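Quick note: the coordinates plus some simple rules give every number you see, no bench work behind them. Source: prediction; values computed, not measured. Every residue, glycine among them, receives a Cβ derived from its backbone with ideal geometry; neighbour counts consider all protein chains shown.
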């Protein structure tokens with residue numbers, strides 16, 4: 001081959017190399033974009049603060065899902081109701097604007113009236129009974145109806161803790177009448193408000209993120225919540241007394257929009273379910289541990305811990321629910337089945 005032929009060949013080779021390199025360079029962002037686009041966005045809305053146990057469980061869910069299916073999901077966690085306010089998550093999922101909401105039985109009850117039975121005070125005995133109800137036959141029926149009627153897939157129930165009454169100023173509280181006239185913050189739904197009034201107080205609707213300022217300014221006289229959340233949100237800075245009413249064993253449902261869930265492959269559904277199972281286990285163990293230490297911690301912060309006549313509270317709350325219009329919608333025999341779960 002002549003020197004000029006070699007030069008020409010080298011030139012052609014060089015041009016081809018440059019073109020190939022350029023094409024590869026152009027392909028890299030394209031491939032990266034394709035890889036990013038392939039990740040299924042999974043937005044989670046929670047009213048909880050980032051340091052709450054339930055929020056930490058969402059991080060555990062995200063990590064477990066990424067470990068089992070790297071790059072398959074883009075999990076985005078939104079705290080403090082910043083994406084969707086508490087109580088609006090169901091509508092957001094139904095519109096296709098949200099993939100996962102942490103919703104409660106109180107959110108479902110207005111949409112499926114017979115399920116107001118699950119908002120009844122003193123219905124669930126403890127965390128074990130909670131799982132016996134929602135992981136058993138009653139829970140299978142519950143999840144199926146929510147899926148059929150609301151287009152939502154409930155994966156698991158998570159334990160939030162037993163709810164207590166926390167007061168801005170200390171007062172003698174032994175029976176429901178001792179809460180008369182007290183402005184008790186409750187979530188805004190009808191069943192939550194009914195529960196607050198059934199406790200003997202004057203239920204006052206207020207967003208969770210407004211509680212601290214409401215206590216600080218005296219807009220409310222108290223609120224009710226699990227003690228782990230009282231600690232996580234530093235409500236002990238603006239309160240003086242805890243009344244151990246144990247009026248509701250609270251839970252939240254990790255709930256996913258059904259069209260999104262149905263569009264997943266079998267492997268993806270299993271990965272999501274397994275990740276939530278692990279997150280629930282960590283959440284429930286964390287809440288139980290926090291509850292065991294909560295009273296001593298709050299006393300160390302100067303709060304008074306009071307144990308009232310819980311039987312008096314239970315009798316009044318349950319009777320008011322039984323006498324209410326809610327009870328007229330309850331399916332026959334369901335209350336007995338709930339009571340018998342896990343027995």
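Quick notes
- Any hit, region 335-343, residues being over 28 Å from residue 100 (Cβ atoms), exposed (fewer than 12 other Cβ atoms within 10 Å of the Cβ) and over 21 Å from the mean Cα position of the chain (by Cα): yes
- Residue within region 297-317 that is outside any helix (DSSP H, G or I) and without any contact (Cβ under 8 Å) to a residue 24 or more places away in the chain present: no
- Criterion applied to 322, 334, 244 was being without any contact (Cβ under 8 Å) to a residue 60 or more places away in the chain and more than 30 Å from residue 42 (Cβ to Cβ), and the one residue passing it is 322.
- Test: residue in region 274-292 that is closer than 30 Å to residue 171 by Cα and in a strand (DSSP E or B): no
- Flag if residue 163 is within 23 Å of residue 317 (Cα to Cα), in a strand (DSSP E or B), touching a residue at least 24 places away in the same chain (Cβ under 8 Å) and over 17 Å from the mean Cα position of the chain (by Cα): no
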